[in-house]
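Below: the structure, in structure tokens.
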Amino acid sequence: MKNRTDKLLAGLGEKGLDGILISQPENRRYLSGFDGSAGFLIITKNKRILATDSRYTVQAKSQAPEYEIFPVTSDIGGWFPGLAAGLKIKRLGFEGEYLTFSLYRRLCDILGKGKTGLELVTAENMVESLRAVKEPGEIELISQAAAISDAAMDYIRGELHPGMTEIEAAWEIEKFMREKGSQALPFDIIVASGPNAALPHAQPSARAIQKGGSIVIDIGARVGGYASDLSRTFCLGAPDDTYKKVYDTVLGAQLGAMAIIKPGMTGGEADQTARIIIEEGGYGEAFGHGLGHGVGLATHEQPRLGPGSPEELSDGMVFTIEPGIYIEGWGGVRIEDLVIMEQGKVRVISKAKK
């Protein structure tokens with residue numbers, strides 16, 4: 001944790017900030033180890049403070065031994081002024097993309113009345129950019145989560161049958177992953193069959209799975225707080241010509257992107273490697289989302305691989321490659337794997353059969 005906060009402090013110094021207020025749960029856990037649902041971190045050159053209430057003080061002492069635990073016993077107006085005054089700093093960063101406007105106004109009002117001279121300054125994505133490059137321990141936890149979701153996908157492949165509903169299939173998958181050691185799932189399972197598969201984020205319904213149509217399944221497990229993300233598309237019985245063409249186009253786009261993506265490429269350039277193949281296949285209008293996203297403590301985090309994304313890819317980043325084609329009234333195909341950038345090229349973490 002100290003190495004992470006040292007990197008953060010170096011970045012704060014470059015922006016002329018004396019410290020930062022952390023409230024985003026994944027950032028809070030990343031920097032301190034504390035995974036409780038409520039609390040703030042205040043990090044300066046001389047202080048590491050974790051402010052939380054009595055529900056979590058014992059847990060906080062155990063999980064965040066490098067931090068001074070500040071007991072929260074009242075509304076923020078009752079404890080923040082004194083804490084802020086004791087920091088003896090001038091410019092405190094905050095997570096502009098997470099902190100609500102109402103809380104920001106409240107904090108400004110508190111500081112103004114207290115005449116602390118402390119200024120709140122927005123500091124977007126400072127921790128998120130650190131989280132984008134994974135440490136070996138993080139990669140191991142993500143790989144363990146991926147192994148669970150791989151096993152679950154191969155399991156449900158053998159269980160799918162005509163007449164099984166999407167909801168039944170989703171429950172079989174969730175039960176399997178929890179029994180194999182997954183923590184609470186990082187996102188709701190997607191099982192979408194037939195026309196429902198045209199909805200990239202469809203919710204499992206009571207629709208009975210039928211022969212011949214596409215079945216998109218998107219799942220993730222969680223180990224040690226770290227998530228996996230995996231999608232496969234199946235067809236029971238003989239697929240029609242449309243299915244064959246769409247599936248081959250999506251698979252070709254995914255494999256082509258995996259072969260071309262390299263460090264230094266932006267997320268927008270990476271997205272384009274697959275998008276060109278889908279456009280050449282005649283389905284450019286049917287690929288409406290980005291090629292992928294980072295995965296870690298959050299299911300969607302940096303880097304973003306999508307049109308116009310300026311984020312540069314580098315070794316140590318874990319992200320998805322998930323092209324898809326969705327046709328209203330017919331269905332869809334999405335194939336998604338987790339990959340890591342290592343030694344200048346993509347290594348696929350996902351092992352589930354295609």
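The values are calculated or read from the model by the stated rules, or taken from the named source; none is laboratory data. A quick note: this is a predicted structure, and the numbers were derived from the prediction, not measured. A quick note on method: Cβ atoms are made from the backbone with ideal geometry, for glycine too, and the neighbour counts reach across all protein chains shown.
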- Out of all the residues in segment 29-60, which are within 16 Å of LEU92 (Cα to Cα) and within 23 Å of the chain's Cα centre (by Cα)? PHE40, LEU41
- If we scan segment 13-33, do we find a residue that is aromatic (Phe, Trp, Tyr), surrounded by 21 or more Cβ atoms within 10 Å (Cβ to Cβ), closer than 20 Å to LEU297 by Cα and touching a Ser or Thr at 6+ places or on another chain (Cβ under 8 Å)? no
- Restricting attention to segment 13-62, and to residues there that are in contact with a Lys or Arg (Cβ under 9 Å, 6 or more places away or on another chain) and assigned to a helix (DSSP H, G or I), which single residue is nearest to LEU118 (Cα to Cα)? GLY13
- Pairs, please: C-beta under 6 Å, at least 6 apart or cross-chain, first residue closer than 7 Å to GLU166 by Cβ and assigned by TED's automatic domain parsing to the domain that holds LEU230 and in segment 195-207, second surrounded by fewer than 19 Cβ atoms within 10 Å (Cβ to Cβ) and β-branched (Val, Ile, Thr)? PRO204/ILE167
- Message: Consider segment 304-354. How many of its residues are without any contact (Cβ under 8 Å) to a residue 40 or more places away in the chain and under 16 Å from the mean Cα position of the chain (by Cα)?
- Response: 4
- Do the conditions hold for GLY212, that is, is it assigned to a loop (DSSP other than H, G, I, E, B), on the phi > 0 side of the Ramachandran plot and without any contact (Cβ under 8 Å) to a residue 40 or more places away in the chain? yes
- For residues in segment 312-354 being assigned to a loop (DSSP other than H, G, I, E, B) and among the hydrophobic types (A, V, I, L, M, F, W, C), which is nearest to ILE156 (Cα to Cα)? ALA352
- Query: Out of the residues in segment 173-199 that are touching a Leu at 6+ places or on another chain (Cβ under 9 Å) and surrounded by fewer than 20 Cβ atoms within 10 Å (Cβ to Cβ), which is farthest from LYS211 (Cα to Cα)?
  - Reply: ARG178
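Within segment 223-248, take every residue that is within 21 Å of the chain's Cα centre (by Cα) and of a type outside the set (D, E, K, R) and give me the one that is surrounded by the most Cβ atoms within 10 Å (Cβ to Cβ).
It comes out as SER228.
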- Query: Limited to segment 283-298, what total is found for residues that are assigned to a loop (DSSP other than H, G, I, E, B), crowded, with 18+ Cβ neighbours inside 10 Å and touching a residue at least 24 places away in the same chain (Cβ under 8 Å)?
  - Reply: 7
- Query: Can you name the condition, by its number, that ALA202 falls short on among (1) assigned to a helix (DSSP H, G or I); (2) farther than 14 Å from GLU322 by Cα?
  - Reply: (1)
- Task: Return yes or no: is LEU120 under 17 Å from LEU17 (Cα atoms) and surrounded by 13 or more Cβ atoms within 10 Å (Cβ to Cβ)?
- Result: yes
- Query: Does SER143 count as assigned to a loop (DSSP other than H, G, I, E, B) and either crowded, with 16+ Cβ neighbours inside 10 Å or outside the structural domain of GLU269 (by TED's automatic domain parsing) (or both)?
  - Reply: no
- Within the bounds of segment 255-265, is there any residue that is touching a residue at least 60 places away in the same chain (Cβ under 8 Å), of a type in the set (Lys, Arg) and on the phi < 0 side of the Ramachandran plot? yes
- Item | Matching option when the condition is modelled with pLDDT of 95 or more, over 30 Å from ALA221 (Cβ atoms), outside any loop (DSSP other than H, G, I, E, B) and in contact with a helix residue (DSSP H, G or I) (Cβ under 7 Å, 6 or more places away or on another chain), among ILE110, ILE69, ILE148 | ILE69
- Message: If GLY284 meets every condition in (1) over 26 Å from ILE148 (Cα atoms); (2) touching a Leu at 6+ places or on another chain (Cβ under 7 Å) apart from one, which number is that one?
- Response: (2)
- Message: Contact list please: Cβ distance under 6 Å, first residue in segment 8-30 and under 22 Å from THR100 (Cα atoms), second residue aromatic (Phe, Trp, Tyr), pairs at least six apart or on different chains.
- Response: LEU21/PHE94; SER23/PHE40; GLN24/TYR98
- Query: When both residues are 6+ apart or on different chains and their Cβ atoms are under 6 Å apart, which pairs have a first residue that lies in segment 91-107 and is acidic (Asp, Glu), and a second that is surrounded by fewer than 16 Cβ atoms within 10 Å (Cβ to Cβ)?
  - Reply: GLU97/GLU124
